[in-house]
Amino acid sequence: MPSTLPDGDPVPPDGSLPDQARQGAADRTLSFYVHVPFCATRCGYCDFNTYTAGELGSAASPQSWLDAALAEVELAARVLGRGRTVSTVFVGGGTPSLVGAEPLTRILTAIDERFGLADDAEVSTEANPESTDPALLGALRAAGFTRLSLGLQSTSRRVLTVLDRTHTPGRALDVVRWAGQEGFEHVNLDLIYGTPGETDAEFTDSLAAVIASGVDHVSAYSLIVEPGTRLARQFDRGVLPMPDEDVLADRYLLADELLTGAGLHWYEVSNWARTPAGGCRHNLAYWTGQDWWGIGPGAHSHVGGVRWWNVKHPAAYAQRLAEGRSPGQAREVLGPDDRRLEDVLLRLRLRDGLALSGLSEQGRRHARIAAADGSLDGAALDRGRAVLTLRGRLLADGIALSLAE
């Protein structure tokens with residue numbers, strides 16, 4: 001029998017979905033997320049489902065992961081059937097660049113053969129600067145990858161050391177240049193702000209380097225201390241001070257000021273793009289409630305209000321698929337209220353916001369209050385939409401919860 005989580009229901013061995021998942025499918029886009037669970041080292045702040053070679057030993061390998069991932073593409077084709085082309089594919093991790101271009105190409109080819117990639121499909125991969133070179137980028141571009149996302153995090157060696165990042169600050173900027181030479185249409189750089197000890201000058205220098213690189217997309221996230229991580233244990237022991245909320249707010253305001261001044265405009269609370277085409281369409285699919293199938297150990301999927309998640313360990317994931325079973329550990333079927341809450345929480349983070357018509361009377365009352373205190377755009381409210389102001393972006397989660405009442 002498939003295992004369950006306390007907050008989930010069993011996933012059928014064949015991975016079949018309830019009828020709800022198929023209703024209105026023609027009105028939703030279909031995406032694939034591919035999770036690569038391997039990392040050379042573990043960053044102190046990371047709680048993702050990743051493993052170093054020493055942690056896995058002989059229990060799993062890149063080859064067993066690839067075989068299982070290809071088998072899950074076949075499972076997805078059986079469950080979803082034909083007739084839906086794929087709008088976006090995103091390979092994340094972990095460190096996709098560690099496994100090389102050939103496995104990633106094989107998975108992308110399998111998705112294309114079983115479903116068909118849309119003519120304008122966005123195909124993205126994350127990469128670690130230290131395991132990326134021009135040859136890898138050239139092979140990925142030739143395979144059909146269109147977008148590259150790099151974890152710069154900071155240009156300060158001291159900040160990178162606190163985060164346990166192993167790349168040198170300039171390496172990511174070299175990769176940006178190589179990506180342009182190999183013909184990548186879009187390149188993103190990730191920043192993390194609020195690392196203990198980070199100075200205003202260090203964050204300003206990181207932003208300046210990102211802007212000077214010429215990338216058309218930037219993601220900037222405040223440091224989140226996840227329970228169970230090495231960084232969390234350092235905070236618990238008092239080795240490092242907890243991030244200050246006022247400092248985090250100031251860093252966000254600085255990021256928005258400098259990025260906007262350089263022609264990169266926010267389209268989601270933590271994301272800025274030079275043009276609408278530069279926005280990450282894959283993430284937009286998440287934020288607007290479209291369908292996606294997550295391939296890989298621990299990957300999450302969502303189709304028509306049905307969400308499920310795979311077993312985490314690569315060996316268990318590979319074993320289930322080798323036995324012809326779904327790797328799904330558990331799932332939940334979202335009701336109308338759950339879906340409405342998620343829609344409000346996610347869409348409010350977008351530059352276009354959300355329609356007031358989707359809110360309850362209580363939610364619309366809270367929207368008027370938020371507009372009065374400057375957290376929502378009053379002119380947009382008059383047009384029937386709840387749109388965050390700059391002040392509102394600092395309070396986005398709380399505002400969204402109030403609108404969802």
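General remarks:
- Debye, to nearest 20: dipole size of region 93-137, +1 on Lys, Arg Cβ, -1 on Asp, Glu Cβ: 180
- Using a simple spin-label model with pseudo-atoms 7 Å out from Cα toward Cβ, T168 and T288 lie 4.2 nm apart.
- Using the Cβ-Cβ distance between A212 and H300 with R0 set to 35 Å, the FRET efficiency from 1/(1 + (r/R0)^6) comes to roughly 0.45.
- Region 344-405 and region 207-227 have Cα centres separated by 26 Å.
- Accessible area per residue for region 19-175 is 39 Å², calculated with a 1.4 Å probe on protein heavy atoms, without ligands, DNA or RNA.
- Look at the dipole of the chain built from charges on Cβ: of S206, L56, A25, the Cα furthest out on the positive end belongs to A25.
- Take the Cβ atoms of L401 and T161, set R0 to 45 Å, and the FRET efficiency comes out at 0.80.
- Summed side-chain charge close to D27 - residues other than D27 whose Cβ falls under 15 Å, Lys, Arg +1, Asp, Glu -1: +2
- Extension gain (nm, one decimal) between A372 and E257, 0.36 nm per residue minus Cα-Cα: 39.0 nm
- With both labels modelled 7 Å from their Cα along Cα-to-Cβ, the E361 to E113 distance reads 5.9 nm.
- Largest accessible area first, the residues Y33, Y221, Y252 order themselves as Y221, Y33, Y252 under a 1.4 Å probe with ligands, DNA and RNA left out.
- Within the accessible area of region 53-212, the carbon and sulfur atoms contribute 49%, probe 1.4 Å, all protein chains present.
- Here the extension length gained between F48 and D9 equals 11.8 nm, from 0.36 nm per residue of separation less the Cα-Cα distance.
- The chain: equivalent-ellipsoid semi-axes (sqrt of 5 x gyration tensor eigenvalues, Cα, Å): 31, 29, 21
- Computed extension length for R230-D246: 3.4 nm, one decimal, from 0.36 nm per residue of separation with the Cα-Cα distance subtracted.
- The trypsin sites (Lys or Arg not before Pro) of region 220-283 that DSSP puts in a loop, and whose beta carbon has at most 11 other beta carbons within 10 Å, are R237.
- Here the sum of -39500 (n - 2.57) over DSSP H runs of 4 or more residues, divided by the residues of the chain, equals -12000 deg cm²/dmol at 222 nm, to the nearest 500.
- Carbon and sulfur %, accessible surface of region 258-297 computed with the full protein complex present, 1.4 Å: 67
- Hz values of 3J(HN,Hα) by residue in region 334-339 - Karplus curve (6.51, -1.76, 1.60), Gly and Pro given as x: 7, x, x, 5, 5, 5
- Taking all protein chains into account, the per residue accessible area for region 210-286 stands at 46 Å² (1.4 Å probe).
- Total charge dipole magnitude, the chain, about the Cα centre, Cβ charges on Lys, Arg, Asp, Glu only, Debye to nearest 20: 380
- Amide H partners (placed H, <5 Å) of Q329, local residues excluded: W309, N310, V311
- In the elastic network of the chain, a GNM with C-alpha springs shorter than 10 Å, the most mobile of R78, R383, R147 is R383.
- The charge dipole of region 47-182, taken about the Cα centre with unit charges on the Cβ atoms of Lys, Arg (+1) and Asp, Glu (-1), comes to about 240 debye, rounded to the nearest 20.
- Those trypsin sites (Lys or Arg not before Pro) in region 318-374 that DSSP places in a loop and that have at most 12 other beta carbons within 10 Å: none
- Taking the charge dipole of the chain about its Cα centre, with +1 at Lys and Arg Cβ atoms and -1 at Asp and Glu Cβ atoms, the residue from G298, L173, L259 reaching farthest to the positive side is G298.
The values are calculated or read from the model by the stated rules, or taken from the named source; none is laboratory data. In this text the structure is predicted, and so the values were computed from the model without any measurement. With ideal geometry, Cβ positions are generated from the backbone for all residues, glycine too; neighbour counts draw on all protein chains shown. Ligands, DNA and RNA are excluded from the accessible area calculation, which covers all protein heavy atoms including side chains. Shrake-Rupley method; radii C 1.70, N 1.55, O 1.52, S 1.80 Å.
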